[in-house]
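*Asks:* Shown below is the structure under consideration.
What follows draws every value from the coordinates through simple rules; no lab data is involved. Bear in mind the structure is a predicted one, so any value in this text is a computation, not a measurement. Glycine gets a Cβ as well: all are built from the backbone with ideal geometry, and neighbour counts include every protein chain shown.
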């Protein structure tokens, strides 16, 4: 399972690439940077195209087109693409390097932007219903330089400030001090293995060998640094994948979803699903269908006006 390119060693604390105080990076390729990592810069990412799961801290959740993610400095995270290898992602990232920008944000006109970042209590998500308003500004960022780039970034900052109440918290409860670089690299190994093999049976013995520990030492180590047992963490990955299958109607057979996500019995799957989602799989399908009908009806009404 270890297919890391030896020419490109993993860095858990990874520097953002680019020049200038605001780094703008356009990813138009087959996959995201596929290591769990952190960096000292704040990160604002607009998902123009791409869907899958993201892990931030120890919280896993889905992401999809036209969502915005604001990552706090040093919040460990990874985006994991779903779909075939041929499906390309398209993402615009802004990295804000505060160590280079204190004098800039000291301008009184920029105090609201400074306060937005410095008082951010957790990483955040903005849903597609809200983010479409600013989509063209992100696309424009990949094409402009100099003053035009600064103006576009300030427009995006103003948008973030205006929609602060519309943001969803991505707080995982994981203290920043929990991770150092050595821990991060080890957790990355476990994470990548788990995501690649969640649909199979995984033993504690098997996963502990990845980071050269005994099963007992691994269990203590993992819980200390993620505040979850490995079994809980793996079940959350499996249930997240199950939710995606149910929402996308890849199959409406609950037992088939259970087996595709690594559960040996439907009874166990139903019990774990309810403990994590606070609802049964059948209720989850029903509630999602009802929400979709309401959303479609609203779209039709707006189109008719």
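*Asks:* Order of 212, 35 from fewest to most other C-beta atoms within 10 Å? If you can, show how the numbers build up before the last one.
*Replies:* Working: 212 10, 35 18.
Fewest-to-most Cβ neighbours within 10 Å comes out as 212, 35.
*Asks:* Given the Cα-Cα distance of residue 162 and residue 74 and 0.36 nm per residue of separation, how much length would full extension add, in nm? The partial results should precede the final answer.
*Replies:* Details: separation 88, 0.36 × 88 = 31.68 nm, distance 2.44 nm.
Length gained, residue 162 through residue 74: 29.2 nm.
*Asks:* Among 190, 257, rank each residue by its count of other Cβ atoms within 10 Å, from fewest to most, as a rough exposure measure.
*Replies:* Starting with the residue having the fewest Cβ neighbours, the order is 190, 257.
*Asks:* Turning to a different aspect of this structure: Tell me whether the range 198-288 comes out rounded, prolate or oblate; compute the Cα gyration tensor, take square roots of the eigenvalues as a ≥ b ≥ c, and use a/c under 1.5 as the rounded threshold.
*Replies:* Prolate shape, in that a/c is at least 1.5 and a/b is the bigger ratio.
*Asks:* Another question, then. Subtract the Cα-Cα distance of residue 121 and residue 34 from 0.36 nm times their separation in residues, and report this length gain in nm to one decimal. Don't skip to the end; give the middle numbers.
*Replies:* Values: separation 87, 0.36 × 87 = 31.32 nm, distance 2.58 nm.
Roughly 28.7 nm would be gained on extension.
*Asks:* Could you work out how far apart the two model spin labels at residue 142 and residue 247 are, taking each label as a point 7 Å from the Cα in the direction of the beta carbon, and quote it in nm?
*Replies:* 2.3
*Asks:* Now, a different point. Looking at the square roots a ≥ b ≥ c of the eigenvalues of the Cα gyration tensor of the range 81-174, which shape do they give, rounded for a/c under 1.5, prolate if a/b is larger than b/c, or oblate? Walk me through the numbers on the way to the answer.
*Replies:* On the way: a/c = 1.78, a/b = 1.26, b/c = 1.42.
Oblate, because a/c is 1.5 or more while a/b does not exceed b/c.
*Asks:* State the extension gain, in nm to one decimal, for the chain segment bounded by residue 155 and residue 66, taking 0.36 nm per residue of separation less the distance between their alpha-carbons. Walk me through the intermediate numbers first.
*Replies:* Numbers: separation 89, 0.36 × 89 = 32.04 nm, distance 1.75 nm.
Extra length available between residue 155 and residue 66 comes to 30.3 nm.
*Asks:* Based on DSSP H runs of at least 4 residues, each adding -39500 (n - 2.57), what is the mean residue ellipticity at 222 nm of the chain after dividing by all its residues, to the nearest 500 deg cm²/dmol?
*Replies:* Details: 12 runs with 141 residues, N = 305.
Using -39500 (n - 2.57) per qualifying helix, the result is -14500 deg cm²/dmol.
*Asks:* For the range 198-288, what relative contact order do you get, as a whole percent, if you take Cα pairs closer than 8 Å and at least 6 residues apart?
*Replies:* Contact order relative to length: 26 percent.
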